[in-house]
Each structure stands twice: as C-alpha cells, then as structure tokens.
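Comments concern the structure below.
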Amino acid sequence: MNNFILSIMSVQTWTYVIVGITFALYIGIAIWSRAGSTKDFYVAGGGVSPLANGLATAADWMSAASFLGMAGLISFGGYDGSVYLMGWTGGYVLLALLLAPYLRKFGKFTVPDFIGDRYYSNTARTVAVICALLVSFTYVAGQMRGVGLVFSRFLEVDINTGVIIGMIIVLFYAVLGGMKGITYTQVAQYCVLIFAFMVPAIFISLLMTGNPIPQIGMGGDVVGEGVSLLDKLDGLSTDLGFAKYTDGSKSMIDVFFITAALMVGTAGLPHVIVRFFTVPKVKDARKSAGFALLFIAILYTTAPAIAVFARTNLIETVSNKNYKDMPAWFSKWEETGLIIFNDKNNDGVINYLADENINELTVDADIMVLANPEIANLPNWVIALVAAGGLAAALSTAAGLLLVISSSVSHDLIKKQLKPNISDKGELIAARLSAVAAVCVAGYFGINPPDFVAATVALAFGLAAASFFPAIIMGIFYKKMNKEGAIAGMVIGILSMLFYMLKFKFDMFGGGTEADWWFGISPEGFGTVAMILNFIVSIIISSFTADPPEEVQEIVENIRIPSGVGKAIDH
Amino acid sequence: MKNRSKAYWKENLKYLLILLGIWFLVSFGAGILFKEFLDAFKLGGVKLGFWFAQQGSIYVFVILIFVYVRLMNKLDKKYGYDE
C-alpha cells in the first residue's frame with residue numbers, strides 16, 4: 001500500500017481493518033487453546049508462565065473504565081483523579097504481599113473455595129458466592145456498554161448491534177477455552193491495548209511539549225511558550241472558575257478513604273485473585289504479580305499525562321470560540337449526545353465555565369480518550385487503533401469476569417453444594433453452560449443499562465473491600481479466626497456498605513446529601529469504613545466462640561510455607 | 001520442623017511490615033497527607049506532592065513488589081523451602 005492510499009482511507013475503513021485483524025487473532029488463539037478438563041477451564045491447567053500471567057492479569061484488570069474512562073476522569077478531576085491512579089495500582093502491592101502467594105499455595109479453583117474450606121462452612125461459601133456474583137455482574141455490564149460505545153461511534157453501527165457482536169466474540173473464546181483460552185487471548189489483548197494507548201500519547205506529547213515520553217512531557221514546558229504545561233493548565237482552570245488542576249476539590253479525608261477503598265477492593269476482586277491460581281508455583285505467583293503491576297503501570301502513569309494534554313487541548317479548542325468554527329469531531333460527538341452545547345446567551349460563542357448557571361458546554365468524561373487523537377488532529381489510523389484498543393480492554397475484562405461467574409455457579413454451587421458427585425466432564429459442561437448464560441445476562445445489561453451502573457462500580461469495590469479482603473487476610477494471618485467471626489464480619493461489612501450506598505446514592509433510609517456524609521466520607525470511600533467494621537466484628541466474635549478445628553489450623557500453617565504446591569492442586 | 005516454619009514466618013512478617021510501611025508512606029503519606037507541604041517543591045516541572053500522587057507512588061509500588069520477590073526467593077532458599 002502506498003502513502004497516498006494510507007492517507008485517504010477514512011477513520012471508518014481503518015477501524016474495520018484494525019478491529020477485524022484483532023478479532024481474527026483472538027478467535028484463532030481461542031481455537032488453538034481449547035480447554036479439555038475443568039482444571040484447564042478454571043485455572044488453565046495451573047501451567048501458565050509468570051510473564052504470560054502478568055500480561056493476562058494486566059489485560060484482565062484494565063477494563064473499558066481504565067482504558068476509556070480513567071484519563072477522562074482525571075482530566076476533569078485533576079488531583080482528585082489520583083484516587084484511581086494510586087487506588088488501582090497500590091492494590092497490587094497488597095495482592096502480591098498478602099494474598100497471591102498464599103492463595104496459590106492453597107491451590108483451589110475459586111475464591112469461595114478458599115473461604116468455604118478455610119472457614120469449614122458452606123454458609124461462608126455461599127456468602128462468598130453471592131458477593132462474587134454481585135461484584136462480577138455489576139462490573140461486566142459496564143464492559144459490554146464500553147464495547148457498544150466504541151462500535152457505535154467508529155463503525156457507525158447501532159450500540160445494541162455493537163453489544164451483540166461483542167457478546168458473540170467473548171462467548172466464542174470464553175466458552176470454548178475457559179481460563180486457558182482467556183489467558184492467551186488476554187496476552188494478545190494486552191499488546192493491542194497498550195500499543196493503542198501509547199501511540200497517541202507519544203504523538204500528543206511530542207506535539208505539545210516536544211518530548212516523546214508522556215510521563216516526562218507532562219512536567220515539560222509548552223512548545224514555544226516557555227511556561228510549564230501544568231502551570232498553564234492551573235491558570236486556564238482558575239480563569240474559568242474551576243479549582244486548580246493540581247489541587248482538585250475533594251477533601252483530604254475523602255481522598256484518603258476512597259484511595260484505601262479502591263486499593264483494598266482491587267486486592268479483593270475475585271477475577272483478579274483467581275488469575276494467581278493459574279501459575280505453577282508460589283514463587284511464580286509473587287513474580288507474576290510484579291509483572292502484572294509493571295504492565296499496568298505503563299498505562300497508569302501515561303493516563304495522567306494524557307489527562308493533562310487532553311484538558312489543555314479541550315479548553316484551548318472550545319473555550320470562547322465560535323460554535324460554527326468547531327472542527328468535525330465536535331459535531332460527531334454531539335450526535336451521540338456525549339457533547340452537549342446549549343447556547344444560553346445566544347451569542348454563538350462557547351462559554352465553558354465552572355458556574356453551572358452560565359456554563360454552556362457539557363462534555364462526557366468517557367469520550368476524552370476516544371476523542372483525544374481527533375482533537376489533536378492525529379492521522380486516521382491512530383484513531384482507529386484507539387478504537388481497537390478500547391475493544392481489547394473491554395473484551396478482556398468481560399471474559400475474565402464471565403469466567404468467575406461461570407465457575408461460581410458450576411464449581412461453588414453445583415459441584416460443592418448441589419451435586420458433589422458430578423463427573424469432571426459433567427462439571428465442564430455445566431461450566432460452559434453457565435458461561436453462555438452469563439454472557440446473555442451481561443449482554444442484556446449492556447443493551448438495557450440500568451441507571452445505577454456508574455454508582456455500582458464503586459459499590460463493587462466497596463463490597464470486595466468489605467467482604468473478601470478481611471476474610472482472606474485473617475484466614476491467612478490470624479490462625480484463630482473461626483467461621484463465626486468470619487461470617488459475621490462479612491455480613492456486617494456487606495450490609496453496612498449497602499446501607500451507606502443506598503442511603504446516599506439512592507435516597508433510601510431517609511437519604512441525605514454531601515453535608516450528611518459521616519466524617520465527610522463519600523459512598524465511594526465508605527468501603528474502607530466497612531472493611532474496618534468487618535475486621536473489628538470478626539475479631540470480637542471469634543474471641544467469644546470456639547477456636548477453629550485442629551485440621552483447619554494445620555491448613556493455615558501449611559499455606560504459609562511456599563514449598564509443596566504440587567500436592568495441593570491435585571485434589 | 002515447627003521451629004523452622006515459625007522462624008521463616010517471622011522473617012516474612014518483618015519484610016511485610018517494612019515494605020508495607022514504604023507503600024503507605026509514598027501513597028497515603030506523600031500523595032495525600034503531606035501533599036500540600038511537598039507541593040512547595042518541584043520535580044521535573046511537576047509539584048512534588050502531585051507528582052507522588054499521579055506518578056511517583058506507582059513507580060515505587062512496582063519496585064516494592066520486585067524487591068519482595070527477591071527477598072522471598074532468598075528467604076525460601078535459606079530455609080530450604082525453594083523448589
């Protein structure tokens with residue numbers, strides 16, 4: 001192909017080509033890595049290398065929200081956006097140091113498996129299954145929505161058609177390959193999404209600051225202006241009435257609690273934890289957590305740079321400019337309803353201000369990453385690449401979540417509770433059928449998104465923080481923790497989280513506004529409080545009830561020693 | 001056997017305490033509690049507290065995990081738990 005053809009191909013053609021190639025790749029990998037047993041299906045046979053698992057974990061973790069949403073959130077929140085950056089990476093330190101090695105040594109298939117066995121109780125197992133399902137479903141609906149968004153904007157198909165195409169692709173490799181198929185597709189998806197994220201970031205960093213490394217460009221001077229980019233943005237923000245970009249507007253206590261809730265929630269998310277069951281040894285689990293965070297950090301340290309570039313570009317492009325002079329991307333996004341211009345004073349000029357009464361422009365934070373290459377006038381193939389990257393991020397996370405849902409049903413409910421003598425083959429069929437059902441439910445929520453999706457993502461982290469994290473930590477580090485304590489802690493943790501969320505997000509139990517938040521802590525940050533409650537309740541209750549049986553205490557002794565994993569997995 | 005595993009566990013806990021201390025300092029400390037104070041200084045054009053919150057803490061997290069991997073591999077060897 002010569003340069004002439006390359007330059008005239010439209011964004012849409014490019015998107016078809018790039019998305020088509022990546023989808024063919026995912027399907028090819030799925031066929032090559034079919035699952036033959038439940039062990040293949042649940043934990044990829046326990047034979048994934050730490051590097052491959054690190055890549056897969058990074059893709060699994062970085063969802064449509066990380067890829068498409070996060071830079072936008074930071075862009076509009078400035079310093080406030082730090083909660084996501086620190087929260088969604090710091091959790092991996094907890095995971096690597098406190099959870100992954102021990103859970104790998106324990107050597108079962110799912111998180112409810114650990115809770116059920118460690119607390120010698122099917123009640124505990126059931127509570128864990130309910131949490132796992134709740135967390136995973138709220139999450140997966142958001143991914144399907146992300147797929148729909150990308151399709152509708154770049155391939156100009158209807159959002160619902162986009163969701164259905166996404167469903168079919170995920171169905172194909174999740175049902176066929178299970179964890180094994182998902183793992184190797186995720187490795188490919190990581191490569192696609194990180195390339196797609198970095199290319200426009202490097203382009204824009206060069207354009208704006210003359211430095212190709214976005215992490216450094218972020219602190220650089222604006223090309224030709226001799227003023228630092230962040231100082232300029234602070235100035236632009238305060239001129240329009242917004243808080244200084246580098247200060248944000250959340251209170252310190254709220255930033256502290258939200259960051260903690262997101263960190264602990266990250267470490268407690270079942271679809272992340274389960275990835276560490278797939279490597280051969282305990283030392284591989286530690287190492288792959290390191291690789292995972294390294295690969296995640298590449299995107300997470302670039303996102304705040306993109307946020308700064310995008311915010312500056314946006315303000316300079318639209319603020320106080322004539323509406324009729326706006327570039328083509330502006331009207332395209334207006335058609336999707338994600339940019340809204342309301343000329344309140346009828347002067348034909350866009351007044352973009354912090355004051356709601358005179359502000360005339362609303363920009364949805366979710367479009368910043370997708371729109372950024374267009375705002376910066378990058379070539380068409382870069383724009384198409386971003387679309388393919390967004391799809392890779394959404395599909396890889398959706399697949400990981402669907403696996404947790406299907407294994408919760410086929411393993412934790414059917415095998416462990418309803419039909420203990422089911423054959424391996426029967427369980428594998430049940431796992432595949434539950435995956436099909438889960439995809440359909442997820443697709444339904446993707447097409448008919450409940451209004452509460454945005455609110456429930458915070459809830460997913462809060463729930464994971466309030467339920468799984470304390471139960472697992474005490475299961476490993478506190479030998480005397482018994483089932484009474486753990487169950488009471490999980491139940492109190494979840495209920496207090498639900499109560500606070502329903503009260504302040506859904507106006508139940510008397511409702512309330514920001515002024516009524518306890519100690520100024522938002523519902524997003526309340527997961528930390530609920531987690532502390534869980535710890536306190538568990539410890540008090542366990543000190544008044546019988547110690548766990550001798551053999552359970554031996555399990556705890558055993559998981560603290562890294563050697564001898566081989567015996568543990570062949571159960 | 002019992003003593004060996006107890007001693008191993010104790011050293012492990014000591015590492016965890018130190019590493020998690022650093023984890024807390026760079027994120028909750030430098031990025032949140034002391035953010036305002038640190039913002040008086042600049043690193044590569046970025047206010048230092050802001051830099052820790054959006055860049056520095058993440059770099060330190062990555063390093064912490066790899067340090068932990070090294071320490072534990074050595075510890076496993078010392079106690080004969082490597083395989």
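The values are calculated or read from the model by the stated rules, or taken from the named source; none is laboratory data. No experiment lies behind these values; they were computed from the predicted model shown. With ideal geometry, Cβ positions are generated from the backbone for all residues, glycine too; neighbour counts draw on all protein chains shown. Just the protein is used for accessible areas: all its heavy atoms, side chains included, with ligands, DNA and RNA removed. Shrake-Rupley method; radii C 1.70, N 1.55, O 1.52, S 1.80 Å.
Summary of values
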item: Failed item, numbered, when A:Met252 is tested on (1) under 28 Å from A:Glu356 (Cβ atoms); (2) at pLDDT below 85; (3) surrounded by fewer than 20 Cβ atoms within 10 Å (Cβ to Cβ); result: (2)
item: All positions within segment A:59-77 that are within 17 Å of A:Phe256 (Cβ to Cβ) and either crowded, with 24+ Cβ neighbours inside 10 Å or acidic (Asp, Glu) (or both); result: none
item: Set A:Leu25, A:Leu55: member being under 30 Å from A:Gly87 (Cβ atoms), of a type in the set (A, V, I, L, M) and in a helix (DSSP H, G or I); result: A:Leu55
item: Hits in segment B:2-59 (condition: among the polar types (S, T, N, Q), at the interface with another protein chain (Cβ under 9 Å from one of its Cβ atoms) and more than 18 Å from the chain's Cα centre (by Cα)); result: B:Ser5
item: Any chance A:Gly45 is more than 10 Å from chain B (Cβ to nearest Cβ), part of a helix (DSSP H, G or I) and open to solvent by 10 Å² or more (accessible area, probe 1.4 Å); result: yes
item: Condition check for A:Asp366: assigned to a helix (DSSP H, G or I) and open to solvent by 10 Å² or more (accessible area, probe 1.4 Å); result: yes
item: Top-ranked residue in segment A:95-110 [being open to solvent by 10 Å² or more (accessible area, probe 1.4 Å) and more than 14 Å from chain B (Cβ to nearest Cβ); ranked as nearest to A:Gly178 (Cα to Cα)]; result: A:Phe109
item: Residue in segment A:212-222 that is closer than 27 Å to A:Tyr352 by Cβ, open to solvent by 60 Å² or more (accessible area, probe 1.4 Å) and within 14 Å of chain B (Cβ to nearest Cβ) present; result: yes
item: Matching entry among A:Gly36, A:Gly91 (being within 11 Å of chain B (Cβ to nearest Cβ) and either open to solvent by less than 10 Å² (accessible area, probe 1.4 Å) or not basic (Lys, Arg) (or both)); result: A:Gly91
item: Subset of segment A:299-337 [of a type outside the set (Ser, Thr, Tyr), buried (at least 19 other Cβ atoms within 10 Å of the Cβ) and within 30 Å of A:Met86 (Cα to Cα)]; result: A:Leu299, A:Ala303, A:Pro304, A:Ala305, A:Ile306, A:Ala307, A:Val308, A:Phe309, A:Ala310, A:Arg311, A:Asn313, A:Leu314
item: Boolean, B:Val69 is under 19 Å from the mean Cα position of the chain (by Cα), open to solvent by less than 20 Å² (accessible area, probe 1.4 Å) and either more than 7 Å from every other protein chain (Cβ to nearest Cβ) or free of Cβ contacts under 8 Å to residues at least 24 places away in the same chain (or both); result: yes
item: Tabulated pairs, segment A:475-499, first among the hydroxyl-bearing types (Ser, Thr, Tyr), second modelled with pLDDT of 90 or more and open to solvent by 20 Å² or more (accessible area, probe 1.4 Å), C-beta under 9 angstrom, 6+ apart or interchain; result: A:Tyr478/A:Ile539; A:Ser496/A:Val529; A:Ser496/A:Leu533
